[in-house]
Each structure stands twice: as structure tokens, then as C-alpha cells.
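Asks: One structure, pasted below without further comment.
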Amino acid sequence: MTRPTQAIIDLQALRYNYALARQRHGGRALAVLKANAYGHGATQCARALSGLADGFAVAFVEEAVSLRKAGIGAPILLLEGAFGADDLDLAHANGLWVVVHQESQLRMIEAARHLRDLNVWLKVNSGMGRAGFAPGDIAAAYARLKANGRVSELTLMTHFARADEPDSDATAQQTRVFDAATAGLPGDRSLCNSAGLLQWECARRDWGRPGILLYGADPMPKGDSGLKPVMTLCSEIFAVRELRPGDVLGYGGTFIAKQPTRVGIVAIGYADGYPRTAPTGTPVRVDGQPACTVGRVSMDMLTVDITHLPTAGIGSAVELWGNQVDVNVVARAAGTIPYELLCNVKRVRFSYVDRENASPGYPAPASQQAPDLVR
Ligand SMILES: *Cc1c(COP(=O)(O)O)cnc(C)c1O
């Protein structure tokens, strides 16, 4: 028997969430697959969405090329664009779409005399204050891209800083800044990330760019969008300890039993991506029953209190997050966001389940194919 620790990826839930996003937003939607599809396996997710998604988006060119090598032919947008002329060539050779967010990228395109038919997404800094042209510089950048003869398709985009805050005016304000900066310029528009397309009707345009919602983690505080969790991170109890009052548990001795306590030791730790910052009391499920962690999370294992579950023991199933434990709740307890938790999952076995097509057993994502993990 091997270590019973896995991330089970529900590809039908992924498709469900994509369809929900596209329907909510209207128009078309790029499924954002950067960071190995937020830790879910970019190739498997792209394949599962093939024929359904209008296209994909990743952060940089290597992420896109590995999708092309896996046979993904759909449009792929590079959200950070080209880092250098070689990147731009690689993007062009692979038929990738590129964001242009700063002057140096504009010059790169102007200097690349051999390139034709580029699909460029021109990015406005409408208030994020990070990448993007200042609103007052957009018309000039647009004109230069049109004039150089290398760009056949030009889309206008921006990115929201606070779309997950329903009580903030920032997103409506960014939308107004974007609309004013791009007024009269022909071309499609793309504004919404997940939170934008769920919450801000005023910002829906031609293309949505849903990321986190595809994976079933609701970015809004209410969390009532009807998304389905895609990843279930689970393991098993492999040992049980009976603590007497006064017994100390784990690194730092942070937990001291006040009463007789049954503790299950679970085969997952922070080296697998479970957050070390999750404190005593972070929820888990043991054999489907509510329970919680106790003591510090270690590298390869963590401990859960099963005093109230007399039938639980060695071999009991433990869900760390997924269908029963909301990854948002774990993230909040650990002082982070679901994005980071999901991206961090590693070293565990990945199982792909596709109930509709009933075909589990896609190969593991590339990042999991370390020699010691190939079985
Ligand atoms: C990551 C990213 C997205 C997706 O954001 P979510 O919050 O995960 O939906 C959309 N647009 C850009 C530019 C991004 O970098």
C-alpha cells in the first residue's frame, strides 16, 4: 500500500463552473489556467474544457507552450505578455495571444519586423496601480499598435483590484476609468476576473477571465454563487494516540491535553501544501464527520482530534478540503486565501475523475512526475 494522500480533481465540476461563469458573464470567457491551473493540473483541465471554453489564459509563455505540446490548440492568452523578444517569437510561433501592458512591450512589437497577425490585448491601468498603461496613454499606444502592421486583432482589457469587496466602489470606479480611456477605440473589451463577473454587472463586456471560480472557490464573502469544488484533498489516519491529561503533542508543545484525548495522525503535512499556519481547531472531516486539527502541522503529517468519534481509527478517511470542507474556511483559519492553498498542493497523488465521461486515470500533471512519484 502506498501513502494514501491524494488530490482528487473533479473535471465535471470544472466544466460546470466554467459554464456557470460564461452564462453569468455573457459573451465569451477565457479559462485562466496559470500556475498549473491553480494547482489542479493545467493540461488535464485544458483537455476537460476543450470544446467548451472559448480559450485559455496563462501568465507566461512557458506555461502556454507546455499546453501546446500537450495538443491544446485553442487560443491561449499570455496575461503578462512577452518578457523579451525571444518570448514574443515563441508566442508568435505557437499562435499565442499577448497582453501588452507597458512601453517596452510596445517597442518589442515595433522592432519585430518579421512578425505578422499578432493578437494583442492592450492593458489599461484603471486603478490596480500595477501593470498597464496609464489611462491617458492608451489612445497613443492603441494607435501605434494599429500603425505597425503586425497586429491583426486588438482587444482592450483591464484588471480589478477589489472586485471581491461588494461594498467598495473601487470596481465601478475602475470600470468608469477604463470606459473613458478606451472610448471610441474599436475592439473587444475584457474586464472581469472571477469576482468581477460574479458581482459587477456593470463591468461585463465581450470577454470574461474567470480563474479561481473555475476551481470552485467562491471569491465573494457571501460564497453563495453555486460553484462546485473541483479539488478534494484527502488522506487517512495512519496511527492513533491516546493522550492523558497533561500529555503534550507535536512540535513546540503547543497542545497540552486537558482531558483524555484521542488523536489521529494523518498522512499529510506542509510539504504537501497543507498550510503550516493552520491553527488548532481548523476544520477537517474524518469518515465524513466534522473534526478539527490539533497541535502544529508538521512536514509530512498532522494531527486531528477524534475523541468524539469512537469508531474512527487507523484507515479512517480524512478530507482536508473539498466537497465537505470549504477551502475558503481553511484558508481563512490559516491566514491566507484559497488561491495560495490550491497553488501550493504538491507531492500528493493526483486522481482525475470525470463522472460524465466515466474515464478516470489521466496521467499526473507534469509537476507531479518526479521520478519517485511515477508508479
Ligand atoms: C489571474 C488573473 C485572472 C483570474 O483571476 P481570478 O481572481 O482567479 O478569477 C484574470 N485576469 C488576470 C489579468 C489575471 O492575472
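Asks: If r is the Cβ-Cβ distance from M128 to A59 and R0 is 22 Å, what FRET efficiency results, to the nearest 0.05?
Replies: 0.90
Asks: Something else about it: For E153 and D89 in one chain, what is 0.36 nm times their gap in residues minus the Cα-Cα distance, to one decimal in nm?
Replies: 21.3 nm
Asks: Over the Cα atoms of region 110-193, compute the convex hull volume and normalise it per residue, giving Å³.
Replies: Measuring per residue, one finds 91 Å³ for the Cα hull of region 110-193.
Asks: Work out, step by step, the length gained on full extension between Q289 and S104: first 0.36 nm times the residue separation, then minus their alpha carbon distance; give nm to one decimal.
Replies: 61.1 nm
Asks: Next question, about the same structure. Can you give the alpha-carbon Rg of region 145-289 over 2.2 N^0.38 Å, where N counts its residues?
Replies: 1.66
Asks: Here is a further query. Can you list which of the trypsin sites (Lys or Arg not before Pro) found in region 99-130 are DSSP loop residues with at most 15 other C-beta atoms within 10 Å?
Replies: Filter output for region 99-130: R113, R116, R130.
Asks: So which trypsin sites (Lys or Arg not before Pro) in region 175-228 are both in a DSSP loop and have at most 13 other Cβ atoms within 10 Å of their Cβ?
Replies: K222
Asks: Classify the chain as rounded, prolate or oblate from the Cα gyration tensor: take a ≥ b ≥ c as the square roots of its eigenvalues, call it rounded if a/c is under 1.5, otherwise prolate when a/b beats b/c and oblate if not.
Replies: Prolate, since a/c reaches 1.5 and a/b exceeds b/c.
Asks: Taking R0 as 25 Å, what's the FRET efficiency between D224 and S66 from their Cβ-Cβ distance, rounded to 0.05?
Replies: For R0 = 25 Å, the calculated efficiency reads 0.10.
Asks: In whole Hz and in residue order, list the ³J(HN,Hα) couplings for region 33-47 that follow from phi through the Karplus curve 6.51 cos²θ - 1.76 cosθ + 1.60, θ = phi - 60°; x for Gly and Pro.
Replies: 10, 5, 6, 6, 6, 6, x, 9, x, 5, 5, 4, 5, 4, 4
Asks: Another question about this same structure. Which net charge results when you count Lys and Arg as +1 and Asp and Glu as -1 among the other residues whose beta-carbon is under 12 Å from that of R130?
Replies: Summing Lys/Arg as +1 and Asp/Glu as -1 gives 0.
Asks: I've got another one for you. Once you sort the root eigenvalues of the Cα gyration tensor of region 59-164 as a ≥ b ≥ c, which label holds: rounded (a/c under 1.5), prolate (a/b larger than b/c) or oblate (the other case)?
Replies: Oblate, since a/c reaches 1.5 and b/c is not below a/b.
Asks: Would you list, by chain and number, the lysines whose Cα falls below 30 Å from the Cα of K228, excluding same-chain residues fewer than 8 positions away?
Replies: Correct list for K228: K34, K69, K346.
Asks: Quick one: go through region 192-206 and flag any residue whose amide nitrogen is under 11 Å from the point 7 Å out along the Cα-to-Cβ line of A172.
Replies: 201-202, by backbone N distance to the label point.
Asks: For the chain, what does -39500 (n - 2.57) per DSSP helix run (n ≥ 4), summed and divided by total residues, give at 222 nm, in deg cm²/dmol to the nearest 500?
Replies: Helices in the chain give a 222 nm mean residue ellipticity of -7500 deg cm²/dmol.
Asks: Moving to a separate point now. Rolling a 1.4 Å sphere over the protein heavy atoms, what is the accessible area per residue of the chain, to the nearest Å²?
Replies: 43 Å²
Asks: Grab the other residues whose beta carbon is less than 13 angstrom from that of E110, score K and R as +1, D and E as -1, and report the net.
Replies: Spelling it out: positives minus negatives among the neighbours equals +4.
Asks: When only the heavy atoms of the protein chains count and the probe is 1.4 Å, how do H40, H92 rank by accessible area, highest first?
Replies: H92, H40
Asks: Here's a follow-up. With springs only between Cα atoms under 10 Å, which of P260, P135, P275 fluctuates most in a Gaussian network model of the chain?
Replies: P260
Asks: Tell me, rounded to the nearest percent, the portion of alpha carbon pairs in region 11-215 spaced more than 31 Å apart.
Replies: More than 31 Å apart: 15 percent of the Cα pairs in region 11-215.
Asks: Keeping every protein chain in place, order I256, I237 by accessible area at 1.4 Å, biggest value first, i.e. largest first.
Replies: Heavy-atom accessible area, descending, gives I256, I237.
Asks: Using alpha-carbon positions, what is the distance between the centroids of region 1-68 and region 252-302, in Å?
Replies: Distance between centres, Cα-based: 30 Å.
Asks: For region 1-105, what is the largest minus smallest coordinate of the Cα atoms on each principal axis, given in angstrom and ordered from greatest to least?
Replies: Principal-axis extents of the Cα atoms in region 1-105, largest first: 51, 40, 23 Å.
Asks: Debye sum, Cα scatterers, region 231-344, no solvent: what log₁₀ I/I(0) at q = 0.18 1/Å?
Replies: Each listed q maps to, in turn, -0.83.
Asks: Give the carbon-plus-sulfur fraction of the accessible surface of the chain in %, rounded to a whole number; probe 1.4 Å, heavy atoms of protein chains only.
Replies: 52 percent
Asks: While we're looking at this one, here's another question. Can you give me the relative contact order of region 184-284 as a percent, contacts being Cα pairs under 8 Å and 6 or more apart?
Replies: It comes to 16 percent, rounded to a whole number.
Asks: Here's another thing I want to ask about it. Which part of region 61-95 falls in the paramagnetic zone of L185, meaning amide N under 20 Å from the point 7 Å along Cα-to-beta-carbon?
Replies: In region 61-95, the label zone of L185 (backbone N under 20 Å from the point 7 Å along Cα→Cβ) covers 77-83.
Asks: Also, I was wondering about something else. Quick one: how many Å² of S66 are accessible to a 1.4 Å probe, rounded to 10?
Replies: The value for S66 is about 60 Å².
Asks: What does DSSP give for the chain in terms of the percent of beta bridges that are antiparallel, rounded to the nearest 5?
Replies: Expressed as a percentage, antiparallel bridges in the chain total about 50.
The values are calculated or read from the model by the stated rules, or taken from the named source; none is laboratory data. Quantities reported herein were computed from a predicted structural model and do not represent experimental measurements. Backbone-built Cβ (ideal geometry, glycine too); neighbour counts: all protein chains shown. Just the protein is used for accessible areas: all its heavy atoms, side chains included, with ligands, DNA and RNA removed. Shrake-Rupley method; radii C 1.70, N 1.55, O 1.52, S 1.80 Å.
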